[in-house]
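Chemist: Sharing a structure here in structure tokens format.
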Amino acid sequence: MAYVISDECISCGACESACPVSAISQGDDRYVIDADTCIECGACEGACPVGAPVQG
Ligand code: SF4
Ligand code: SF4
């Protein structure tokens, strides 16, 4: 399962540049992960200051 970003996201943007396949983009109220592009590497989880990305 692809990673998903929970509503803990504070839209800091750190995960977007950490993703090796550019699966993350800014959404309306949080950043979002394109499930079809995510390769489940976990880099976003490590980059996030609030632990918002979780494995779906
Ligand atoms: Fe990108 Fe990896 Fe996070 Fe998937 S798990 S969104 S590939 S950084
Ligand atoms: Fe949101 Fe975490 Fe990504 Fe920052 S690093 S935009 S808080 S998910």
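Chemist: Return the distance in nm (one decimal) between the two label points of a simple spin-label model at Val54 and Ser22, each offset 7 Å from Cα along Cα→Cβ.
Modeler: Result for the modelled spin labels: 3.0 nm.
Chemist: Where Rh is the Kirkwood radius over the Cα pairs of the chain, the temperature 25 °C and the viscosity 0.890 mPa s, what D in µm²/s does Stokes-Einstein return?
Modeler: 230
Chemist: A further question on this structure: Sticking with the crude label model, points 7 Å out along Cα→Cβ, report the distance from Val32 to Met1 in nm, one decimal please.
Modeler: Modelled inter-label distance: 1.9 nm.
Chemist: First select every other residue whose beta carbon is under 9 angstrom from the beta carbon of Ser22; then total the charges, Lys and Arg +1, Asp and Glu -1.
Modeler: Cβ neighbours under 9 Å give a net charge of -2.
Chemist: Whole-Hz ³J(HN,Hα) for each residue in the range 13-26, computed from phi via Karplus 6.51 cos²θ - 1.76 cosθ + 1.60 with θ = phi - 60°, x for glycine and proline: what do you get?
Modeler: Along the range 13-26, the couplings run x, 4, 6, 4, 7, 7, 6, x, 10, 6, 8, 10, 9, 6 Hz.
Chemist: Separate question: With every protein chain kept in place and ligands, DNA and RNA left out, what is the accessible area per residue of the chain? Probe 1.4 Å, answer in Å².
Modeler: Per residue, the chain has 60 Å² of solvent-accessible surface.
Chemist: Once neighbouring chains are kept in place and the probe is 1.4 Å, which whole percent of the accessible area of the chain is contributed by carbon and sulfur?
Modeler: 46
Chemist: I've got another one for you. So, with +1 on the Cβ of K and R and -1 on the Cβ of D and E, and no other charges, what is the size of the charge dipole of the chain about its Cα centre, to the nearest 20 debye?
Modeler: 140
The values are calculated or read from the model by the stated rules, or taken from the named source; none is laboratory data. Here the structure is a predicted model, which means the values were calculated and not measured. Positions of Cβ are generated from backbone atoms using ideal geometry, with glycine treated the same way; all protein chains shown enter the neighbour counts. Only protein heavy atoms, including side chains, enter the accessible area calculation; ligands, DNA and RNA are left aside. Shrake-Rupley method; radii C 1.70, N 1.55, O 1.52, S 1.80 Å.
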